[in-house]
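Structure record follows, encoded as structure tokens.
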Amino acid sequence: MHSLSPKANLKEINAYKKHINWGEVPALYRMLSSSIGDLDGILTHGFDSAYKQILNPKVWNLAFLGATKAIDGSVQVERKPQISLRHEFNDMGYELHCYPVVDGESITQSMIKKPNCPFDVWYPERMQMLFRVNSLVAFGVYCFQNGDEADIALLKYAHYKVEALISTLGESFQIVMVKGYSIAEFYQEIAKKNGNILTQES
């Protein structure tokens, strides 16, 4: 194993990290890798998640969306429910937040049985944060300063995984807007700010 394929999966990236570090894997890398592993199975894990929950038509306002049921039990809607998304970075890591769009505006408060809301009920405290990638901010800074090929690959994998999950949402929802930096853009900002610091010091 001399280098990583650009299309390496998480298992291959982790194996390469162990290989180039003689079996030693830093705790920060392990935390991020474990969190990304949860994303890999977000739709197949037994436990519930906000991401999995909002994809279930049972929580949608089916009357508002003009829904009909097919013979096989699947739900067809005349118009997709509208949502907006926001990339959030904080001390915990990275989070993808979701907001129902009502009359063209992203809603941040609870909505219960509102006729023009795309969801039957919407509880921000339970449904707004779709998922979290732990330690991503700290790892991004570390990656810029000391990252090896496996670290960069892990960060890229996180970015592609999040973008894939957003694409999956786009199959069921009309995503009106996506705000905030993507993981790739966030890393570019780290590089830009650190580059400016280096320039000022030299």
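Quick note: the coordinates plus some simple rules give every number you see, no bench work behind them. It should be emphasised that the depicted structure is a prediction, and the values quoted were computed from it without experimental measurement. Positions of Cβ are backbone-derived with ideal geometry, glycine not excepted, and every protein chain shown enters the neighbour counts.
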* Which residue out of PHE144, PHE131 is in a helix (DSSP H, G or I) and surrounded by 17 or more Cβ atoms within 10 Å (Cβ to Cβ)? -> PHE144
* Could you say whether any residue in region 23-39 is of a type outside the set (S, T, N, Q), free of Cβ contacts under 8 Å to residues at least 12 places away in the same chain and on the phi > 0 side of the Ramachandran plot? -> yes
* Search region 91-105 for residues being assigned to a loop (DSSP other than H, G, I, E, B) and farther than 28 Å from LYS156 by Cα, and hand back the single one that is nearest to the chain's Cα centre (by Cα). => GLY104
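Within the group GLU171, GLU125, which residue is more than 13 Å from the chain's Cα centre (by Cα), part of a helix (DSSP H, G or I), within 20 Å of PHE89 (Cα to Cα) and not β-branched (Val, Ile, Thr)? It would help to see each step written out before you state the result.
Values: GLU171 fails: within 20 Å of PHE89 (Cα to Cα).
Residue meeting the stated conditions: GLU125.
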